[in-house]
Every structure is written in C-alpha cells, then in structure tokens.
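Written out below as structure tokens is the structure these notes cover.
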Amino acid sequence: MRTLGGRYRLVNRIGLGGMSEVWRGHDHVLDRPVAVKIMAPAVEGTLGEAGVALIRAEARSAARLAHPNVAGVHDFGTSPAAGRDVPYIVMELVEGETLSAHLAAGRLDWHIGVRVCAEVAAALAAAHAENVVHRDIKPANIMLTPAGAKVLDFGIAAVAGSPDPDPDGPVMGTPAYIAPERFEGGPATPAADMFALGTLLHHCLAGRLPWTARTHTEMVLAQRFTDPEPLPRIDGLPPEVLDLCSRCLARDPAERPTALMAALLLAESVDARVYVPLRDLTPDVSPWDERAASAPTSAHHVGRHRA
C-alpha cells in the first residue's frame, strides 16, 4: 500500500471529485485513522506548482478553523511521484453519510433539517470570523455524523471580498447554490455563503431546490429573475424559520442575515446547542492574562510537611 511522507498509509479510496480523491488512511506515528486528500491521477501531473499551492491554500483555510462542525485538518505535505511533488492534506476521518445521500430519499423531518442547517450556519460563522468564505456549501459537502453535521471541502474557499483570479473564467461552485451576484462578477463574500445556506435549508424542508431548471443556464436565470418556489405547508415549523429561509435567498446580498444570526435563530427553534464565535470586542489584555503571562514557568520542588 502507498505511504505518504513516510507516515500516512493509504488504505482504500472513499471519495472522488473532479480534481482530487479522498482516501481512508492510517497515521503510523499517532496510530489513528485519518482521511487523506490527494490530487486525482488525471490532474496531478498537469497543475505543477499551481496544484501544490491550491491544495496548500485549502489546508490553510480549513486549519484556521477549530470548530466542532468543521472537519479538522491535521497536516499538509507533498509526496514525490515520477519527478514531481503530489500535494496531500491529512484530515479528521469523519464517519457518517453525506446530507445528499439522506436527501436522495426525500425531504427531512423539519426538526432534523433545521438542526443540520443550524450547525452548518455555526460552521460558517466560524469561517466568516476568520474572513474565510467557503463558496461550495451543498449537501455533498455536509457529512451527518452521530456528533452532528460536519462541513467538508474548503477546496475553493477564498478570502472574504477577494475577486476571482480569472474574471472571464467560470464561477467557482455548484450552480444551484451560487448566489446571483457571483454571476455578475461580484467578489466572494459571507453573504454568498448565506444564499447557499438558504438553498440548503429550502432543500431540507421541501425535498427539492428553490428553483426548477433543466440546465445550469436556466438555473442561473431563474435565480436572477424568478422568485423561489414556496415551501410546502409544514406543521409546527416556526414562522421565523420560514422568514430566515426567505431572507437568505434574497437577491440583494445586503438583505441576507449573517451566519451568526442564522445559527442562533435556527438552533433556538429546535432547542439545539451550537458553538458560535463571540469575540471580545475590547483588545486590552485582561489582568488575569497579564498575571498568567508573568507567572514563572519552571517547576518548583515542594517539600513534605510533617504533621
């Protein structure tokens, strides 16, 4: 079996995408299972240093996020192969099924769908707090586990506000989940992720996308010029969830809620707990931190006291 970096043994392939594949692996050093993402053989020899930079950027984006609803990144490296370096990312091995596999059987119970989207929103809030825009929130990138939802694949993540590197190239992402302003040349923003969250929430509640289209072009036009199809009547669904879904799908990015607001509202509606970034707005160091920083770090021998 192939081993990367003298440490990570590839066991079997568990995922395949357009540019990369994911393997179940084993970390010999820490004796634990891991997931290893590497370039697909069809493209690993065509991108050169650009491919290494792309995978490294993905690793850095995800590694900045320590959050229970984001798959953790453990390591990044390159492995020599036929005169070139093949980049790889070592990640937390997430056991479960993708949300897309569950939705293939029909719409979710609204309690489950809202809880999943609350956890996805919490993951997005953590990403946006680090100025990271995911850009590819969709059911295939959400893993459902016994511990909750996990957001995967930061492969096309970008710094908030950054323009596409190739303005004339295709818009990065999955058409049904891409915000309308992205097709007009707008930069990647947290609001674009919120449009994807609204689409995801609608899909979970209705079992279908907000717009019906036969082609990607029809989908783009529908998102820009047609109102989303209404959600079916769902007994017990709080009206604030319906309102949130509608606002996430607003054509004007300024009308969409933040990920933090969405996470808290959705979690409250199903009495769930989510972890969101609540940063201290005061930059001053607290007295406790000052005392901790100045405390001696060397161990001191403490003698025994006789009774």
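If you go through region 255-275, how many residues are over 16 Å from G113 (Cα atoms) and not in a helix (DSSP H, G or I)?
4
What tally of residues in region 76-100 results from selecting those that are out of contact with any Lys or Arg (no Cβ under 7 Å at 6 or more places or on another chain) and without any contact (Cβ under 8 Å) to a residue 24 or more places away in the chain?
Result for region 76-100: 2.
Return yes when T226 is surrounded by fewer than 15 Cβ atoms within 10 Å (Cβ to Cβ), in contact with a helix residue (DSSP H, G or I) (Cβ under 9 Å, 6 or more places away or on another chain) and modelled with pLDDT under 90 and no when it is not.
On the way: surrounded by fewer than 15 Cβ atoms within 10 Å (Cβ to Cβ): yes; in contact with a helix residue (DSSP H, G or I) (Cβ under 9 Å, 6 or more places away or on another chain): no; modelled with pLDDT under 90: yes.
No.
Could you please find all residues in region 69-92 being crowded, with 18+ Cβ neighbours inside 10 Å, within 20 Å of A149 (Cβ to Cβ) and in contact with a Gly (Cβ under 8 Å, 6 or more places away or on another chain)?
Within region 69-92, N69, M91 qualify.
In the list T215, T282, T297, which residue meets the criterion of being modelled with pLDDT under 95 and either crowded, with 18+ Cβ neighbours inside 10 Å or closer than 26 Å to R107 by Cβ (or both)?
T215
Of everything in region 219-249, what is free of Cβ contacts under 8 Å to residues at least 24 places away in the same chain and outside any helix (DSSP H, G or I)? Give them in sequence order.
T226, D227, E229, P230, R233, D235
Filter region 113-155 for residues that are out of contact with any strand residue (DSSP E or B) (no Cβ under 7 Å at 6 or more places or on another chain) and either without any contact (Cβ under 8 Å) to a residue 24 or more places away in the chain or among the charged types (D, E, K, R) (or both) and give the result.
If the condition is that a residue be out of contact with any strand residue (DSSP E or B) (no Cβ under 7 Å at 6 or more places or on another chain) and either without any contact (Cβ under 8 Å) to a residue 24 or more places away in the chain or among the charged types (D, E, K, R) (or both), then R115, E130, D136, K138, D153 are the ones that fit.
The values are calculated or read from the model by the stated rules, or taken from the named source; none is laboratory data. What you are looking at is a predicted structure, and each value in this text was computed from that prediction instead of being measured. We place every Cβ from the backbone using ideal geometry, glycine too, and count neighbours over all the protein chains shown.
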